[in-house]
1. Just to verify a number: FRET efficiency for B:GLU157 and B:LEU279, C-beta to C-beta distance, R0 = 41 Å, to 0.05?
2. Taking only C-alpha pairs under 8 Å that are 6+ residues apart, what is the relative contact order of chain B in percent?
3. Filter the cross-link list A:LYS64/B:LYS109; B:LYS150/B:LYS179; A:LYS64/B:LYS240; B:LYS18/B:LYS109; B:LYS117/B:LYS178; B:LYS243/B:LYS466 down to pairs whose alpha-carbon distance in this structure exceeds 19 Å.
4. Exactly which GluC sites (Glu not before Pro) in segment B:152-215 are in a DSSP loop and have at most 13 other Cβ atoms within 10 Å?
5. How about B:LYS634: which aspartates and glutamates have a C-alpha closer than 13 Å to its C-alpha, ignoring those fewer than 8 places off in the same chain?
6. Among the DSSP beta bridges whose two residues both lie in chain B, what percent are antiparallel, rounded to the nearest 5?
7. Can you find, among B:LEU499, B:PRO549, B:PRO468, the residue farthest towards the positive end of the dipole of the protein assembly as shown? Put +1 on the C-beta of Lys and Arg, -1 on that of Asp and Glu.
8. What value in Å³ per residue do you get for the convex hull of the alpha-carbon atoms in segment A:4-72?
Amino acid sequence: MRTAANLSNGEKARITSVDLRHPSARRILEIGFTPGQEIELLNKSFFNDPLAFAVRGTIIAIRKDEAKSIIVE
Amino acid sequence: MKSSQPVVILIGAPNSGKTTLFNHLSGKNFKTVNYPGSTIEYHTSGFQSQFNIDAILLDSPGIISVIPNSPDEEVTINSLFEHPSFGKPDLIITTADASQLSRHLLLVKQLIECGFKVVVAITMNDILKDKSLAIDAEALGKLLTVRAVKINAKTGEGISELLEAVKSSLQEPAKEIKKEVCERWNDSENLIKTFSEIEEIENKVLRPLNPSQEQLEKANKELSSLILQEDENKILPESKTLKIDNFLLHPFWGLVIFFFVMALTFASIFWLALPLMNLVDYVFAFLNHAVIRELGHTWFSDFIAFGVIDGVGAVSIFVPQIIILFLILGFLEDTGYLARGAMLIDKPLSKIGLNGRSFVPMLSGFACAVPAILAARTIPNRRERLLTIFVIPLMSCSARLPVYVLLLSFLTPPDYYWLAGLGLAAIYVISILSSLLIAAIIKRFNNKIIKAKDDSSFILELPTYKFPKLSIVFHNAMISAKAYLSRAGLVILSISVILWFLTYFPDYNPNIPNINKASEEYFQLANSERIENSFAAMIGKVIEPVMKPLGMDWRIGLSLVPTFAAREVFVSSLALIFKVTAKDNQLQVSLISAMRNAKIAGSNEPLFTASKVVGLIVFFIFALQCMSTIAVSKQETGGWRIPLLQLFIYSTLAYALAFITIHGLQLFGIP
């Protein structure tokens with residue numbers, strides 16, 4: 001299963017679902033990572049964590065652990 | 001309580017242009033970005049008189065949903081439904097960024113469904129225009145069943161339409177506001193459903209602009225690129241920000257730049273603030289001497305010179321540093337860089353139980369722990385928030401700077417100014433490292449010290465880069481400095497005055513025989529006599545047993561007592577106590593030479609030696625000596641547990657480490 005955490009810099013993917021068991025799932029959805037949305041991994045921090053994604057016209061930084069709950073095509 | 005005027009609240013996501021709109025409508029400048037440095041308080045004002053709307057206008061910190069995710073958001077959302085002083089709002093103006101419409105419409109839709117009367121102000125239309133897209137505001141309004149207006153608060157474009165919409169909406173009858181409705185979005189399935197409704201709306205209102213000749217030619221050449229680009233445009237922010245991020249968030253260079261920016265921030269605090277602090281020092285020393293020169297030695301002139309003037313001086317001396325740090329922080333924040341800093345530092349901080357969001361509160365701690373602890377509200381996870389609050393007092397706040405400057409200039413020869421600078425840098429590094437170490441240790445002890453469940457997260461929007469409006473940055477720094485002064489200023493001044501009383505009474509008019517009462521010698525002797533029999537000396541002698549192991553006598557002990565209320569008082573209380581005991585015939589004796597000449601009471605041993613002064617520095621690095629910090633820590637952690645633990649742990653640590661330092665250095669032959 002591919003998640004947003006598997007993307008490499010500049011790679012785009014479409015979200016298929018968000019793992020609702022993740023404690024931050026609601027916030028991840030609220031901030032715009034919803035099924036059907038296309039996202040792009042823009043930058044990785046020094047330790048490859050957190051990751052910066054382009055979503056719905058803005059940039060959101062989330063931890064790798066949170067990115068793992070975003071399942072992509 | 002509800003006033004007769006209608007209440008209009010401005011609500012919107014962070015970075016949605018809400019602040020600019022508020023400034024435009026109210027005609028004033030206020031800070032409302034809900035990240036560090038800002039407060040949770042509502043800014044209230046009216047509409048500018050030229051707009052002809054008689055209503056109360058409130059601003060609020062940015063939120064993205066009606067379901068709170070941090071204590072900061074909880075306060076904002078609660079007061080939206082039931083404002084503590086204004087009740088329920090009559091109308092909400094909500095800002096939505098056109099270039100990220102679908103994200104910002106979530107809040108708009110939630111507010112409408114909760115029953116609020118809403119007017120939507122669509123901002124950042126120029127960014128969308130650069131992508132050859134535009135929003136059909138009228139269609140959006142119809143689909144949402146409210147009024148929607150495109151505005152540009154900088155140029156004033158669309159403002160008159162917005163005001164018309166506000167006036168008409170205010171006339172309409174109020175609907176019932178139901179907070180229960182919010183619960184719906186606690187359910188993730190409902191969130192996804194709301195977003196798909198929003199996407200449907202967005203698809204209907206987002207229109208491509210009539211392509212220009214140039215674009216048509218380009219499209220002809222690249223055939224389908226016009227449509228392809230449209231899809232990409234919807235997810236990517238503006239390209240300028242992407243280009244800068246490739247550099248500033250570079251896996252390697254990003255970190256190098258980050259440390260460079262931080263180093264530059266601290267360097268500029270020293271080099272910019274130090275001359276100003278010396279100037280403040282000079283001015284108050286001048287005033288002090290002028291009063292004594294003009295009024296002679298009476299209890300009244302002594303009170304004015306050493307109680308009041310030195311007290312005000314103690315308050316004023318670190319104002320330059322506070323202003324400069326808030327200026328730099330405000331500038332970095334408004335450019336959009338601080339959010340990137342938080343992202344870069346999140347991983348290492350999370351290793352020791354903190355969060356990338358702890359970064360800015362900790363940074364603010366170098367100015368003053370009080371606003372820093374308040375800024376920790378933006379950390380959603382309770383454990384990380386408590387841990388951040390716990391270590392903030394270790395950040396070397398500006399109140400400690402005058403103390404360090406005094407002690408370092410005692411240690412270093414006058415010609416080696418750079419040596420003192422180096423020492424200061426070392427103190428700051430030690431304070432940062434010790435805070436990280438203590439955070440790591442506390443993380444090990446886990447639930448024993450900080451009780452909270454662990455659901456750590458880091459989700460942060462990185463706003464587009466902007467050049468900050470300098471007048472707003474300056475205005476905000478002034479507000480922070482003023483808030484700081486009103487909070488700490490009175491405390492410090494009162495302590496200074498109380499201390500003066502303690503050192504002057506009860507033997508305020510000592511009887512010294514056989515000496516001309518007008519001579520300088522008389523005053524010196526009278527001062528010594530007075531302080532030796534003073535209330536202060538009595539207190540000092542009670543705590544002397546505690547100071548003895550450190551090789552210090554009651555005078556240093558006494559100077560330290562008031563520092564537990566506010567540390568900066570150390571310099572003035574030391575001055576107060578030693579100016580009157582120094583056996584120096586010059587009136588204008590500096591504190592440093594007074595310190596050099598001071599002997600331990602009843603012996604010929606010098607009171608201040610290199611090892612003891614280093615020990616004092618170590619003491620000040622760790623000791624939690626600030627009433628305001630303890631009060632704010634109690635308020636923000638919801639009890640006495642954390643502040644008392646802080647007070648106990650840091651005081652014990654300060655004393656123990658000072659003891660080890662002094663005796664360790666003496667073991668190596670340093671006096």
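Coordinate-derived values only; no laboratory data. What you see is a predicted model; the values in this text were computed from it and never measured. Here Cβ is always computed from backbone atoms with ideal geometry, including for glycine, and neighbour counts include all displayed protein chains.
1. 0.35
2. Values: 975 pairs, mean separation 72.1, N = 671.
Taking the mean separation of contacting Cα pairs over the length of chain B, I get 11 percent.
3. Values: A:LYS64/B:LYS109 30 Å; B:LYS150/B:LYS179 29 Å; A:LYS64/B:LYS240 26 Å; B:LYS18/B:LYS109 17 Å; B:LYS117/B:LYS178 12 Å; B:LYS243/B:LYS466 13 Å.
Beyond 19 Å: A:LYS64/B:LYS109; B:LYS150/B:LYS179; A:LYS64/B:LYS240.
4. Working: sites: B:GLU157, B:GLU161, B:GLU164, B:GLU176, B:GLU180, B:GLU183, B:GLU189, B:GLU197, B:GLU199, B:GLU200, B:GLU202, B:GLU214; in loops: B:GLU176.
Here the GluC sites (Glu not before Pro) that fit, given the DSSP loop and packing criteria, are B:GLU176.
5. Within the straight-line limit of under 13 Å, B:LYS634 reaches no aspartates and glutamates at all.
6. Working: 10 of 28 bridges.
If I count the DSSP bridges inside chain B, around 35 percent turn out antiparallel.
7. Result: B:PRO549, furthest along the dipole toward the positive end.
8. Details: hull volume 4.7 nm³, N = 69.
That works out to 69 Å³ per residue.
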